[in-house]
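One structure is given below, encoded as structure tokens.
Values in this text are rule-based calculations from the coordinates and carry no lab data. Since the model is a prediction, treat every value here as computed from it, not as a measurement. Here the Cβ positions follow ideal geometry from the backbone for every residue, glycine too, while neighbour counts run over all protein chains shown.
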Amino acid sequence: MTDSIRFLMCSPNHYDVDYVINPWMEGNIHKSSRDRAVEQWQKLHHILKEYSLVDLVEPQPGWPDMVFTANAGLVLGKNVVLSRFLHKERQGEEPHFKKWFEDGGYTVYELPKDLPFEGAGDALLDREGRWLWAGYGFRSELDSHPYLAKWLDIEVVSLRLIDERFYHLDTCFCPLTGGYLLYYPAAFDSYSNRLIEMRVAPEKRIALEEADAVNFACNAVNIDRTVVMNKASDALKQRLAGVGFDVIETPLTEFLKAGGAAKCLTLRVTEPVRTELHANVLVESRVIRMEGHLLDSGLISRALDLIVENGGSFQVLNFQLGEQRQSTSNAQVKVSAPSHDVMEEIMTQLIDLGAVALPQELCDTNLEPVIQDGVAPDDFYVTTIYPTEVRIQCEWVKVQNQRMDGAIAVTHTPNGPVARCKVLRDLKVGEQVVVGVEGIRTVRKTESREQRNAPSEFTFMGSGVSSERRVELVVEQIAWEMRQIRDQGGKVVVTAGPVVIHTGGSQHLARLIKEGYVQALLGGNAIAVHDIEQALMGTSLGVDMQRGVPVRGGHRHHLKVINLIRRCGSIAAAVEQGVLTQGVMYECVRNHVPFSLAGSIRDDGPLPDTQMDLIKAQAEYAKLLEGTDLILMLSSMLHSIGVGNMTPAGVKMVCVDINPSVVTKLSDRGSVESIGVVTDVGLFLSLLVQQLEKLTSPYQQAV
Ligand SMILES: NC(=O)c1ccc[n+]([C@@H]2O[C@H](COP(=O)([O-])OP(=O)(O)OC[C@H]3O[C@@H](n4cnc5c(N)ncnc54)[C@H](O)[C@@H]3O)[C@@H](O)[C@H]2O)c1
């Protein structure tokens, strides 16, 4: 027996499964045998007494789970943080445990009333005493961890539980002597697994299979080189023996019915303090403010879900519900995250949803200077497609040139501060760049319930991927929209890949250009090469477009064409010289529709018009996209994604591709203005031209 080690236990005189507060209890109400429970508990008690001293707390009628003393509190030295149970079914245990600790001369710390923390069930000391592993996700709140660090003067490593069967940390995690760790990785999110792997060397990690985990092998009591548990597989016993641990199995099946085993039934009350180590907690908290139709647009639940999905936790500090149907609500939410990095990730996504990090009275967003051309400061804020504003000199300043994946550069001019989205390579030494997440907001349109539900001409533009059945209807609506834009002098940009030509779409796209429906064309070398090949030789990639069969020697056609255009000097020159007389590129030249062909590694030739300097090509694309009302993205993943990234929210986007995943990727930008059409692009273009023929302009009608 080791005198210096003491445990607290509580006999199961009043133990039963009386209610359901975890998945193990389901179906087990009043199904446990009191006699068998007493017998199993006594065996455990007996084993532990051989290795340590065991104190007992008086069981109380009406509090059947008091037998699980691990949840009394967390002890370190003579300090104890008393549990604050999440469920009212266990809250009545608190005063009894408090009295026991006080009688024992412990200093008892109590958490705020609404901050759940379930003691040593969710907080386990590294057996070398180097830090405290603390769990959250089901029973204990992340916000309790800074209190543990402060009161117990110890470093706290927060781990998020994600499998409700393993609702307390001690059900799936057991630090062992010598820095070993017995655990079930699938019970934790990936970030927590990374934290575990960073702290515990691979040879010290003993990861359990599910079969051992559900037998509560992690819910073990470790005293020196002995591990006491309900049950272990032979493989686990061997693994533990291999690193010098003896396993003692003692059946605790009656307690498993309530979701507990050896560790839950004990609380180690002699935990030595390492005085050379001190408090450290990585948990960060911030308060955000959200405003809008938070409930009926689902915005608040999306925000809260994303906090939890990303490993954080939240507390709604206040929520003011708009009283009228059209009035907006606002909420203040405290967001906590286990580390600075996780907090930044969560905050960036919350800002996309329109949240503002408080304090609102903040006068200036955080800025750091660029100290190397083309390189942003580490913590720079990465922009999105949404209109963004930043706080400078106590004013919200709109960010210009909004695009995603850029940084925000702030310069001061005689007319006041200017904030601009810039791609990294354009940053210049001396510019100030927005860092962190404070003083940044994205401006979302607040739509009332009526506006959202009202049928508008653009209802089909609700983000979504259409099935084949919907294609005709969708094309009809796109045609209507394109006609509107043309008649009102608006701008449609087409981005197209060579599949447009292979699928017979060339004549239709040429016609759209000729009839004034397209104001700019963006693509690569291939669309132009294959279009010109078809115009000059009747083939596309060597396939006869009339008969659909390959032509002998046809694979050389496109190179001949490239050579010919190179001889002419440019596509426009080929048109001027009468060499090129039809097709998509011909119509662009004839109708003064600007085009930009961005080069790629796949390009043959290239054509003299293809811009092989990609930085210049991106700039040409960006220029042609300015002021666009609608972008028609036709079967080019490469160019469509490129265009998508440089387009701010608010521009309507139609993405046509045969591959649903490409369409989903492009239309799923969280923007209501985008739609995906999964279909053959040749068919789409022919339907579009047919629909446009049927339409008569509302203006022409009026005349
Ligand atoms: N000879 C050449 O110079 C040459 C030839 C081919 C490609 N390229 C270049 O390579 C780059 C990438 O080419 P890309 O944009 O064609 O390729 P990509 O892979 O980026 O996109 C092609 C897209 O077309 C879709 N698609 C295929 N069949 C379809 C159909 N029937 N209907 C609708 N969608 C369909 C695919 O799902 C895919 O998303 C471009 O810059 C291009 O110019 C050059």
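Give me the number: length gained by fully extending ASN591 to VAL38, i.e. 0.36 nm times residue separation minus the C-alpha to C-alpha distance, one decimal in nm.
Stretched fully, the ASN591-VAL38 segment lengthens by 189.9 nm.
If amide hydrogens are placed 1.01 Å from N in the peptide plane, which non-local residues have theirs closer than 5 Å to the one on SER339?
GLU284
Where the centroid of each part is defined by its Cα atoms, how far is the stretch 177-202 from the stretch 308-376 in Å?
30
Kindly identify the stretch 6-281 as rounded, prolate or oblate by the Cα gyration tensor criterion: order the square roots of the eigenvalues as a ≥ b ≥ c, call it rounded if a/c is under 1.5, otherwise compare a/b with b/c, prolate if a/b is larger, else oblate.
Values: a/c = 1.31, a/b = 1.05, b/c = 1.25.
Because its axes are fairly even, with a/c under 1.5, the stretch 6-281 counts as rounded.
Can you work out ³J(HN,Hα) from phi for every residue in the stretch 272-287, in order, using Karplus 6.51 cos²θ - 1.76 cosθ + 1.60 and θ = phi - 60°, giving whole Hz and x for Gly and Pro?
Karplus values, whole Hz, x for Gly and Pro: x, 9, 9, 5, 7, 9, 9, 4, 7, 9, 8, 4, 10, 10, 9, 10.
Between ASP378 and ASP426, what FRET efficiency comes out of the Förster formula 1/(1 + (r/R0)^6) with R0 = 22 Å and r the beta carbon distance, rounded to 0.05?
Working: r = 18 Å, r/R0 = 0.83.
It comes out at approximately 0.75.
Would you list which lysines come within 27 Å of LYS88, measuring only between C-alpha atoms, while excluding same-chain residues fewer than 8 positions from it?
Reachable lysines: LYS31, LYS98, LYS99, LYS113, LYS150, LYS257, LYS263, LYS334.
Work out the FRET efficiency for LEU362 and LYS113 from their Cβ-Cβ distance, taking R0 = 41 Å, and round it to the nearest 0.05. If you can, show how the numbers build up before the last one.
Values: r = 31 Å, r/R0 = 0.75.
For LEU362 and LYS113, the calculated efficiency is 0.85.
Residues of the stretch 65-82 with backbone nitrogen within less than 11 Å of a virtual label 7 Å along the Cα-to-Cβ line of HIS96, please, listed as ranges.
65-69
Return the long-range amide H neighbours of PHE7 (sequence gap of 5 or more, or a different chain), with a cut-off of under 5 Å between placed amide H atoms.
LEU53, VAL54, ASP55, VAL269
Find the centroid of the Cα atoms in the stretch 486-503 and in the stretch 420-442, then give the distance between the two in whole Å.
Using only Cα atoms to place each centre, the spacing works out to 33 Å.
Enter the mean projected area of the convex hull around the alpha-carbon atoms of the chain, in nm², rounded to one decimal.
On the way: hull surface 165.0 nm².
Taking a quarter of the hull surface, the average projection is 41.3 nm².
How tilted is helix 557-568 with respect to the longest principal axis of the chain? Cα atoms for both, answer in degrees (0 to 90, nearest 10).
60
In terms of modelled amide H atoms, which long-range or inter-chain residues lie less than 5 Å from the amide H of VAL433?
Residues meeting the amide H criterion: GLU368, VAL370, VAL410.
Indicate, rounded to the nearest 5 percent, the antiparallel portion of the DSSP beta bridges found entirely in the chain. Don't skip to the answer; put the middle values down first.
Values: 59 of 109 bridges.
Once the DSSP bridges in the chain are tallied, antiparallel ones form about 55 percent.
Return a whole-number percent for the relative contact order of the chain, with Cα pairs under 8 Å and 6 or more residues apart as the contact set.
Dividing the mean separation by the residue count of the chain yields 9 percent.
Taking a ≥ b ≥ c as the square roots of the Cα gyration tensor eigenvalues, with a/c under 1.5 meaning rounded and otherwise prolate when a/b beats b/c, else oblate, which class fits the stretch 283-362?
prolate
Kindly express, to the nearest 10 degrees and within the range 0 to 90, the angle between helix 190-199's C-alpha long axis and the longest C-alpha principal axis of the chain.
Around 60 degrees separate the two axes.
Within 10 Å of each residue's Cβ, count the other Cβ atoms and sort MET66, MET25 from fewest upward.
By the 10 Å Cβ count, ascending, the order reads MET25, MET66.
Run the count for the stretch 457-702, please: Lys pairs, Cα-Cα under 16 angstrom, 8 or more apart or on different chains.
Within the stretch 457-702, the lysine pair count is 4.
With each pseudo-label sitting 7 Å past Cα toward Cβ, what's the ASN645-ILE371 distance in nm, one decimal?
That separation, rounded to one decimal, is 2.7 nm.
Tell me the angle of helix 614-625 to the major Cα principal axis of the chain, expressed in degrees between 0 and 90 and rounded to the nearest ten.
80
Using the Cα centre as the reference, give the magnitude of the dipole from point charges on the C-beta atoms of the stretch 283-362 (Lys, Arg: +1; Asp, Glu: -1; all else neutral), rounded to the nearest 20 debye. Intermediate results must be reported in sequence, preceding the final value.
Working: 5 positive and 11 negative charges, 51 e Å.
About 240 debye.
What is the fewest-to-most order of HIS412, HIS45, HIS293, HIS145 by other Cβ atoms lying within 10 Å of their Cβ?
Fewest-to-most Cβ neighbours within 10 Å comes out as HIS412, HIS45, HIS293, HIS145.
Under 13 Å from a point placed 7 Å out from the Cα of VAL214 along the Cα-to-Cβ direction: which residues of the stretch 137-169 have their backbone N that close?
165-166
As a footprinting exposure proxy, order HIS14, HIS46 by other Cβ within 10 Å, with the fewest listed first.
HIS46, HIS14
For an R0 of 41 angstrom, estimate the FRET efficiency from the Cβ-Cβ distance between LEU638 and ASN280 and round to the nearest 0.05. If you can, show how the numbers build up before the last one.
Working: r = 47 Å, r/R0 = 1.15.
Working from the Cβ atoms, E equals 0.30.
Once you have a ≥ b ≥ c as the square roots of the Cα gyration tensor eigenvalues for the stretch 119-271, tell me rounded if a/c is under 1.5, and otherwise prolate or oblate according to whether a/b is larger than b/c.
Taking the square roots of the gyration eigenvalues as a ≥ b ≥ c, the stretch 119-271 is rounded.
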